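Structure first, then comments.
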Amino acid sequence: MALIMDTIKKIYHSIGLSRLIISLFLIFLFIMVVVVGMDLNLAISDSLHRVGRNGLFVLAMMFSIACGAGLNFGLPIGMVCGLLGGILSMEFGLRGFTGLFTAFAIAVPLAIAAGYLYGKSLNKVKGSEMMVGNYLAFSIVSLFSIVWFFFPSKNPRIVLPLIGYGVRPTVTIDDYYSKVLDDFLAIRINEDLVIPTGLFLLFIFGCIWAHFFFKTKTGISMECCGTNPRFAEMIGINVDKMRVLGTVISTVLSAIGIIVYAQSFGFYQMYTAPLMMAFPAIAAILIGGATPLKAKISHVIIGTVLFQSILTLATPVASAAIDAGNLSEIFRVIISNGIILFALTKIRRDATT
Amino acid sequence: LKDKLIDALKNNAVTIIYAVLCILAIYFSGQPTAFIVTEIVTRLGRNTIIILSLLLPVLCGMGLNFGIVLGAMSAAVSLIVITNFSVEGLPGILLCFVIATFLSIALGFVLGIFFNKVKGQEMIAGMIVGFFASGIFSLIFLFLVGSIIPMRSSEILLSEGVGVRNTIRLQDGTSQVIDNIWKMPMAEFIKHAFLLLLAIYIFTCLYKVLKSKVSIKSAILSKLLILVIIVGIVFLFSLYSESFRFILNFTTVPIVTFLLIGLVALLVVFLNKTKLGQDIRTVGQSMHIATTAGINVNKIRIISVIISTVIASWGQIIFIQNMGNLNTYTSHDNVGIYAIAALLVGGASISKATIPQVFIGAVLFHTLFFISPMAGNELFGDPMVGEFFRIFLCYLVIAFSLAVYAWQRIKDKNKLSA
C-alpha cells in the first residue's frame, strides 16, 4: 500500500500541480465535447492549427528563460519586426513561398538588431526584466502604431481606404501567401480533419534545432547562465553575452512566429494587436511545467498542446452550456493570467532553495 | 551651484520634458485658453484621488501598486448595485462609497496576502492580478449576472437578459451629484483659496514659533509659502487683468470634489505622521531592519495595500460620477497604468513619491492626455496620431522609470559590494 502511495506521489511530483489540473480540465472538456455532441473532427483540426501557430512563440519563451532573462514579456518587440517584414513583402507584391521567405528575410535581421538592443538593456536592469521588458514592449508597439499610421503603402490591399497612406488594422493576406505553410504537404483525413503538415514541420524543426543547440558548447553555457549565473561567471562564461544571445534568438523566433501565425490565420493584425500576445506564450510554457528559471523543450511542446487545446475546446463546450459569444477569450485571460500568478509565487521559493 | 542645477534637471527630466510637450501641444492644438483651463480643472477633479492611492505602497517599498485596478472594480460593482436597486442621488453615492469601501477592504486584504507571497515582484504581480481580476469580472458580469445572479433592473442587462450592458448610464440624479453639490466660478474660487491658504500659513507660522520655539526664519520659509505665493500671483493677476478673469470665470470649480481630494491628501499625510506611517516607512527602507525592530512586516504591508485599494475605489467613484456613465468592462482596465504614469510624470520614482508630485503629475499627464489628439488633428489632420502618441508616452514613462530604478539599484549594490 505504502509503495503504491509512494509511486502515486512520485508521479504527482513529476507532473506537477498546474499540469495536473490543466490536464484534468482538458480531459473534462473532451468528455464534454462528446456529451454535448460536438464535432470532434473539427475540434481536433482546430487544436492542431492553433498548436502549430503558437508553437514558435512558446519556443521563443524557452530561450529567454534558458539564458536567465526570465519570462520574456518583450515578445511583442520581435512581433513588430515580423509584422514589418510581412507587410513589406506584401508591398513588394511577392506571392507564395517567395513572399513568405522574403518576409522572413526582412524580419530576421531587424529582429536580430532589436533583440541585441533589447538584450543589452535587460542586462542593465537585472532582477526587473519582466517589468521593464513588458513596458518597453508596450511602448514599442504603441510607437509602431504611429509608424503603421504613416506607412507609405501603395498596395490597395494594405493601404487605409480613403486616406491613401497607412496600414489597415487588419491586412488580409489572401492570395499572397495565406496558408502556404498550412497547405504544404497537408494531410486531409476527412472533410473537417486536416493536419497542417508544413506548420508542424517548421515547429518540429525549431524544436529539434533547439534540442541540438543545447547540446553544443554555447547551448550548455547558456543553460548554465540560466540555472546558476554565479557559477557560470565563476567558470568563465560571459553571462551578459549569453543573455544577449538568448534574447536575440527569442526575438528572432517571435518575429518568424508572427509571420507563421498570420499566414495560418489569414490576416496581419496591426496596431495594438501584438500588445498582449506575450501572455498566452508565457502561460503555455508555464503550463508545460517550466518555471521562470528553468525550461525544457518538453515543456514547450506539452504546454502548447495543453493550453491551445483547452482554448479550442472551451468555446464549443461553453457556448453549449450558456449562450456566450466571447467566453473563450475570457477563459484565455483567466487561465493564462492565473497560471502566471501561480508561477510568480514560486519564484522566491526557487531562489532560496 | 551649476552642478546642482544640472542634477536637478537630470532628476526631473521626465517632468520637464512632459511640461515642454504640454506647452507645445497646447500651442499647436489652437484651442482657446478658457477651454483648456476648464478641461484641466475637470480632469484634476476626477483623476487626482486615484493617483493619491498609490502613495502608501510606494512608501512601504512595494513599488507602484498596479493592483489598484481591484479598487476600481469595487467601485464599478457598487455603482452597478446602486443602479440596479435605483438608489438615486446623494444617498445612492453614499451607499456606493460604503459598498465599495467594504469590497475593496476585502479585495485589498487578499491582494496584500498575495503580495507577501511574491515579495520583490509586487509590480508585475499587481499587473497580472489586474488582468486576472478583469477576466473574473467579465465572467461574472457577462455570464453569471442575469442567469444565476438575479437582477432587479432589466435596463442594465443586455437584451437577452444575461449579462450587463457595455455602458451603464448613471441615473440623472446620480450623475455628477458630488460635483453639483457646490460649484463656484474659478476667479472666486481662487480668491477664497488664496485667503484660506494665507490664513493657514499664518496660523502654522505662529503655531510653530509659539509652541515649538523654532526660529522665526525657519517657520516662515516653509513649503506652504511657495503654494501661497503661487496662488497669490494668480489671484493678483485675476484682479488686474479683465481678460484673465473672463477666462477663469468660464470655468466652474466643483468645490466638494476638490475638498474630498484635499481630505484624502490630508488623510495620507496624517497616516504618514502616525505610528503606522512610521512603520510603513521603516518597512519601505528595509524589511530586515523592520523585522528586527519588532514590526510585523507582513501585516504592515497588507494594511498599506488595503488603504491603497480603498482610496482607489473612492477615486474611481468620483471619476465615474463625473463621467456620468460606466464602461462596465473597460473602465477599470487602464486605471492603474494612467495613475502610475501620472505619478511618475510628477517626478516620483518607484521608491519615493510625495503629495506635490501627485498634483503636478495629474495636471501634466492629463493635460497632454486630452490635448494631444487635438494637436494631432491640427498637425496631421487626424486625432488618432495624438491618441497613439499619448499612449506611447504613457508606456514609455513607465518603462523609463522602471529601468532607471532597476539600473540605480544594481549600481548601488555594486558600490556596496566593492
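Residue check, A:ALA210 against (1) part of a helix (DSSP H, G or I); (2) of a type in the set (A, V, I, L, M); (3) more than 15 Å from A:MET61 (Cβ to Cβ), all met but one. Which one?
(3)
Could you tell me whether the range B:308-326 includes any residue that is touching a residue at least 60 places away in the same chain (Cβ under 8 Å) and farther than 27 Å from B:ALA76 by Cβ?
No, because not a single residue in the range B:308-326 is touching a residue at least 60 places away in the same chain (Cβ under 8 Å) and farther than 27 Å from B:ALA76 by Cβ.
Six or more apart or on different chains, Cβ atoms under 9 Å: show the pairs whose first residue is in the range A:128-151 and at the interface with chain B (Cβ under 7 Å from one of its Cβ atoms) and whose second is of a type in the set (Asp, Glu) and buried (at least 23 other Cβ atoms within 10 Å of the Cβ).
Sorted first by the residue in the range A:128-151, then by its partner, the list stays empty.
Those residues that are small (Gly, Ala, Ser) and either under 19 Å from the mean Cα position of the chain (by Cα) or crowded, with 18+ Cβ neighbours inside 10 Å (or both), I need them from the range B:384-418; list them, please. Let's see the steps before the verdict.
Restricting attention to the range B:384-418, the residues satisfying the condition of being small (Gly, Ala, Ser) are B:386, B:399, B:401, B:403, B:406, B:417-418.
If the condition is that a residue be small (Gly, Ala, Ser) and either under 19 Å from the mean Cα position of the chain (by Cα) or crowded, with 18+ Cβ neighbours inside 10 Å (or both), then B:GLY386, B:ALA399, B:SER401, B:ALA403, B:ALA406 are the ones that fit.
Let me spell it out: the conditions are (1) assigned to a helix (DSSP H, G or I); (2) farther than 17 Å from B:LEU55 by Cβ, and B:LEU344 meets all of them except one. Which number is the exception?
Result: B:LEU344 fails condition (2) only.
Being surrounded by fewer than 23 Cβ atoms within 10 Å (Cβ to Cβ), at pLDDT below 85 and touching an Asp or Glu at 6+ places or on another chain (Cβ under 6 Å) narrows it down to one of A:LEU327, A:LEU293, so name that one.
A:LEU293
Can you tell me which residue in the range B:234-264 is surrounded by the most Cβ atoms within 10 Å (Cβ to Cβ), limited to those that are farther than 19 Å from B:ILE40 by Cα and among the aliphatic types (A, V, I, L, M)?
B:VAL264
Going residue by residue through the range B:270-291, is there one that turns out to be in a loop (DSSP other than H, G, I, E, B), at pLDDT 90 or above and either surrounded by fewer than 16 Cβ atoms within 10 Å (Cβ to Cβ) or touching a Cys at 6+ places or on another chain (Cβ under 6 Å) (or both)?
Going residue by residue through the range B:270-291, those that are in a loop (DSSP other than H, G, I, E, B) are B:274, B:286.
Subsequent filtering for residues that are at pLDDT 90 or above retains B:274.
Narrowing further to those that are either surrounded by fewer than 16 Cβ atoms within 10 Å (Cβ to Cβ) or touching a Cys at 6+ places or on another chain (Cβ under 6 Å) (or both): B:274.
Within the range B:270-291 (the criterion being in a loop (DSSP other than H, G, I, E, B), at pLDDT 90 or above and either surrounded by fewer than 16 Cβ atoms within 10 Å (Cβ to Cβ) or touching a Cys at 6+ places or on another chain (Cβ under 6 Å) (or both)), the answer is yes, since at least one residue qualifies.
Those residues that are under 16 Å from A:GLY338 (Cα atoms) and either free of Cβ contacts under 8 Å to residues at least 24 places away in the same chain or among the hydroxyl-bearing types (Ser, Thr, Tyr) (or both), I need them from the range B:108-123; list them, please.
B:VAL110, B:PHE114, B:LYS117, B:VAL118, B:GLN121
Could you tell me whether any residue of the range A:61-81 is assigned to a helix (DSSP H, G or I), within 14 Å of chain B (Cβ to nearest Cβ) and without any contact (Cβ under 8 Å) to a residue 60 or more places away in the chain?
No, the range A:61-81 contains no residue that is assigned to a helix (DSSP H, G or I), within 14 Å of chain B (Cβ to nearest Cβ) and without any contact (Cβ under 8 Å) to a residue 60 or more places away in the chain.
This table checks each residue for (1) at pLDDT below 85; (2) out of contact with any Lys or Arg (no Cβ under 6 Å at 6 or more places or on another chain).
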residue: B:PHE189; (1), (2): no, yes
residue: B:PHE194; (1), (2): no, yes
residue: B:LEU210; (1), (2): yes, yes
residue: B:VAL214; (1), (2): yes, no
residue: B:ILE247; (1), (2): yes, yes
residue: B:LEU263; (1), (2): no, yes
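Have a look at B:ASP382, B:ASP333 and point out the one that is among the acidic types (Asp, Glu), within 14 Å of another protein chain (Cβ to nearest Cβ) and farther than 29 Å from A:GLY74 by Cα. Reasoning before the result, please.
Details: B:ASP333 fails: farther than 29 Å from A:GLY74 by Cα.
B:ASP382 is the lone residue from the list that is among the acidic types (Asp, Glu), within 14 Å of another protein chain (Cβ to nearest Cβ) and farther than 29 Å from A:GLY74 by Cα.
For A:ASP240, state whether it is closer than 26 Å to A:LEU84 by Cβ, touching a residue at least 24 places away in the same chain (Cβ under 8 Å), in a helix (DSSP H, G or I) and acidic (Asp, Glu).
Spelling it out, it is not the case that A:ASP240 is closer than 26 Å to A:LEU84 by Cβ, touching a residue at least 24 places away in the same chain (Cβ under 8 Å), in a helix (DSSP H, G or I) and acidic (Asp, Glu).
May I ask you to list the residues in the range B:41-67 that are out of contact with any His (no Cβ under 9 Å at 6 or more places or on another chain) and aliphatic (A, V, I, L, M)?
Passing the criteria: B:VAL41, B:ILE49, B:ILE50, B:ILE51, B:LEU52, B:LEU54, B:LEU55, B:LEU56, B:VAL58, B:LEU59, B:MET62, B:LEU64.
Is it the case that B:PHE131 is under 22 Å from the mean Cα position of the chain (by Cα), aromatic (Phe, Trp, Tyr) and within 14 Å of chain A (Cβ to nearest Cβ)? Don't jump to the end; show me each part of the working.
On the way: under 22 Å from the mean Cα position of the chain (by Cα): yes; aromatic (Phe, Trp, Tyr): yes; within 14 Å of chain A (Cβ to nearest Cβ): yes.
When the stated conditions are applied, B:PHE131 passes them.
Can you tell me which of (1) at the interface with chain A (Cβ under 9 Å from one of its Cβ atoms); (2) of a type outside the set (Lys, Arg); (3) in a helix (DSSP H, G or I) is the one B:SER104 doesn't meet?
(1)
Collect the residues in the range B:160-218 that are under 29 Å from B:PHE97 (Cα atoms) and basic (Lys, Arg), keeping them in residue-number order.
Those that are under 29 Å from B:PHE97 (Cα atoms) and basic (Lys, Arg): B:ARG165, B:ARG169, B:LYS183.
Only residues that are more than 14 Å from every other protein chain (Cβ to nearest Cβ) and crowded, with 16+ Cβ neighbours inside 10 Å: list them for the range B:139-163, please.
B:MET151, B:ILE156, listed by residue number.
Among the residues of the range B:164-185, which ones are part of a loop (DSSP other than H, G, I, E, B) and either touching a His at 6+ places or on another chain (Cβ under 9 Å) or among the hydrophobic types (A, V, I, L, M, F, W, C) (or both)?
Of everything in the range B:164-185, those that are part of a loop (DSSP other than H, G, I, E, B) and either touching a His at 6+ places or on another chain (Cβ under 9 Å) or among the hydrophobic types (A, V, I, L, M, F, W, C) (or both) turn out to be B:LEU170, B:ILE181, B:TRP182.
The values are calculated or read from the model by the stated rules, or taken from the named source; none is laboratory data. Quantities reported herein were computed from a predicted structural model and do not represent experimental measurements. Neighbour counts are summed over all protein chains in view; Cβ atoms, including those assigned to glycine, are modelled from backbone coordinates with ideal geometry.
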